[in-house]
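A.B. asks: Starting off with a structure, shown below.
The values are calculated or read from the model by the stated rules, or taken from the named source; none is laboratory data. Note that this is a predicted model, so its numbers are computed, not measured. Here the Cβ positions follow ideal geometry from the backbone for every residue, glycine too, while neighbour counts run over all protein chains shown.
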Amino acid sequence: MPRVAKYDRHTALNRAVALFWERGYFASSLKHIEQALDMRPGSLYATFGSKSGLFAEALGLYASQMGEDLQSQINAHPSLLVALKAYFQALANTCTATSAPPARACMLVKTLLEVGDQEPQLQHKVNALLDAVEHKLRALLECAQQRGELRPEVDCARLARLLQAQIIGLRAFAQRQTPARHVLELAEDMAALLDQYAQSGTAA
C-alpha cells in the first residue's frame with residue numbers, strides 16, 4: 001500500500017496532536033486514531049510504524065509549534081524580555097479564547113505524567129523535548145543578558161527553569177474552570193516577575 005503524501009502526513013499529524021492532546025496516549029484507541037486521521041490500520045502502520053511511533057511524531061510536531069509561537073514573538077519585538085512577556089500574554093489569550101483547544105495543559109507534561117515508566121521511549125522523548133525548551137529559554141536569557149537587558153548577576157539557567165515552571169503552571173491553571181481574567185492576570189504577574197531580573201531602565 002503506498003504511503004500518504006507529505007501534505008497528508010502533516011495533516012494527519014496535526015489531527016493526531018489534537019486527539020492525543022485531548023485524550024492522552026492510553027485512552028486513544030486504534031479506532032479513535034483511525035477516525036481522527038481518516039486512515040485505515042494498514043496505512044497507519046505503513047506511515048508511522050506503530051501507535052507509539054505516531055505519538056512520538058505528534059509530540060515532536062507539538063513541540064515545534066510551541067517553538068514557532070515563541071519565535072514569532074521574538075521576531076516581532078526588538079527586546080527579548082518584551083518578547084518573552086508577549087509570549088506569556090499570547091499563551092494566556094490562547095488558553096482563554098472561545099476557540100481554545102479542549103486540552104489546555106501542556107501536552108508534553110500531560111504525557112510525562114501519564115506514561116511514567118510504562119513507555120520508556122516516550123518518557124525519554126518527552127524529557128528530551130522539555131530539556132530543549134529549557135535550553136531555548138536559557139539561550140534567550142543569556143542573549144538578553146549580553147544585550148544588557150538582564151542584570152549581569154542573574155543566573156540564566158536557574159531563571160530558565162523558573163520560566164518553564166511558570167509556563168507549565170499557567171497552562172495547567174487554565175485547565176480549571178476559572179474566569180479567563182484570572183489566567184490573563186497570571187500572565188501579567190509572570191511578566192512583572194521577569195521585570196525584577198531586568199537591568200534598570202530596560203523593563204517595559
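A.B. asks: Out of the residues in the range 36-68 that are closer than 30 Å to Ala90 by Cα and of a type in the set (D, E, K, R), which is nearest to the chain's Cα centre (by Cα)?
C.D. replies: Within the range 36-68, the match that is nearest to the chain's Cα centre (by Cα) is Glu68.
A.B. asks: Now a separate question. Just to check your reading of the model, which residue among Ala92, Ala105, Ala128 is under 21 Å from Arg176 (Cα atoms), under 14 Å from the mean Cα position of the chain (by Cα) and not in a loop (DSSP other than H, G, I, E, B)? Show your work before the answer.
C.D. replies: Values: Ala105 fails: not in a loop (DSSP other than H, G, I, E, B); Ala128 fails: under 21 Å from Arg176 (Cα atoms).
The unique qualifying residue is Ala92.
A.B. asks: Continuing with this model, one more query. Pairs needed: first member in the range 70-91, within 18 Å of Tyr197 (Cβ to Cβ); second member anywhere, of a type in the set (S, T, N, Q) and surrounded by 17 or more Cβ atoms within 10 Å (Cβ to Cβ); C-beta distance under 7 Å; at least 6 residues apart or different chains.
C.D. replies: So the pair list comes out as Ala83/Gln73; Ala86/Gln73; Tyr87/Gln73.
A.B. asks: Answer yes or no: is there a residue in the range 50-58 that is of a type outside the set (Asp, Glu), surrounded by 15 or more Cβ atoms within 10 Å (Cβ to Cβ), closer than 26 Å to Leu186 by Cβ and touching a helix residue (DSSP H, G or I) at 6+ places or on another chain (Cβ under 8 Å).
C.D. replies: Checked the range 50-58: no residue is of a type outside the set (Asp, Glu), surrounded by 15 or more Cβ atoms within 10 Å (Cβ to Cβ), closer than 26 Å to Leu186 by Cβ and touching a helix residue (DSSP H, G or I) at 6+ places or on another chain (Cβ under 8 Å).
A.B. asks: Assigned to a helix (DSSP H, G or I) and in contact (Cβ under 8 Å) with a residue 40 or more places away in the chain - does that describe any residue in the range 149-161?
C.D. replies: no
A.B. asks: Also: Considering only the range 44-61, I want to know if a residue exists there that is assigned to a helix (DSSP H, G or I) and in contact with a Pro (Cβ under 9 Å, 6 or more places away or on another chain).
C.D. replies: Residues of the range 44-61 that are assigned to a helix (DSSP H, G or I), as a first pass: 44-48, 51-61.
Next, from what is left, pick out any that are in contact with a Pro (Cβ under 9 Å, 6 or more places away or on another chain): 46.
There is at least one residue in the range 44-61 that is assigned to a helix (DSSP H, G or I) and in contact with a Pro (Cβ under 9 Å, 6 or more places away or on another chain).
A.B. asks: Which pairs turn up if I take residues in the range 39-58 that are in contact (Cβ under 8 Å) with a residue 12 or more places away in the chain and under 18 Å from Trp21 (Cβ atoms) and look for partners that are of a type in the set (S, T, N, Q) and in a helix (DSSP H, G or I) with beta carbon separation below 7 Å, at least 6 apart in sequence or on another chain?
C.D. replies: That search, which allows pairs on different chains as well, returns Ser52/Gln121.
A.B. asks: Now a separate question. What pairs come out if I take residues in the range 94-106 that are without any contact (Cβ under 8 Å) to a residue 24 or more places away in the chain and pair them with residues that are in a loop (DSSP other than H, G, I, E, B) whose C-beta lies under 7 Å away, six or more apart or interchain?
C.D. replies: Thr94/Ala100
A.B. asks: Still on this structure: May I ask you to list the residues in the range 68-79 that are surrounded by fewer than 19 Cβ atoms within 10 Å (Cβ to Cβ) and either in contact with a strand residue (DSSP E or B) (Cβ under 8 Å, 6 or more places away or on another chain) or assigned to a helix (DSSP H, G or I) (or both)?
C.D. replies: So the first thing to find is which residues in the range 68-79 are surrounded by fewer than 19 Cβ atoms within 10 Å (Cβ to Cβ), and the list is 68-69, 71-72, 74-79.
Scanning the range 68-79 gives Glu68, Asp69, Gln71, Ser72, Ile74, Asn75, Ala76.
A.B. asks: Is one or more of the residues making up the range 149-158 touching a Lys or Arg at 6+ places or on another chain (Cβ under 7 Å), at pLDDT 95 or above and either surrounded by fewer than 17 Cβ atoms within 10 Å (Cβ to Cβ) or of a type outside the set (Val, Ile, Thr) (or both)?
C.D. replies: Among the residues of the range 149-158, at least one is touching a Lys or Arg at 6+ places or on another chain (Cβ under 7 Å), at pLDDT 95 or above and either surrounded by fewer than 17 Cβ atoms within 10 Å (Cβ to Cβ) or of a type outside the set (Val, Ile, Thr) (or both), which makes the answer yes.
A.B. asks: Follow-up question, since we're still on this one. Could you please give the count of residues in the range 176-192 that are surrounded by 14 or more Cβ atoms within 10 Å (Cβ to Cβ) and more than 9 Å from Phe88 (Cβ to Cβ)?
C.D. replies: 3
A.B. asks: Cβ-Cβ under 9 Å, sequence separation 6+ or interchain: first residue in the range 134-147 and closer than 17 Å to Ser72 by Cα and of a type in the set (D, E, K, R), partner modelled with pLDDT of 95 or more and buried (at least 17 other Cβ atoms within 10 Å of the Cβ). Which pairs?
C.D. replies: Partner pairs satisfying both residue conditions: Lys136/Leu70; Lys136/Ala160.
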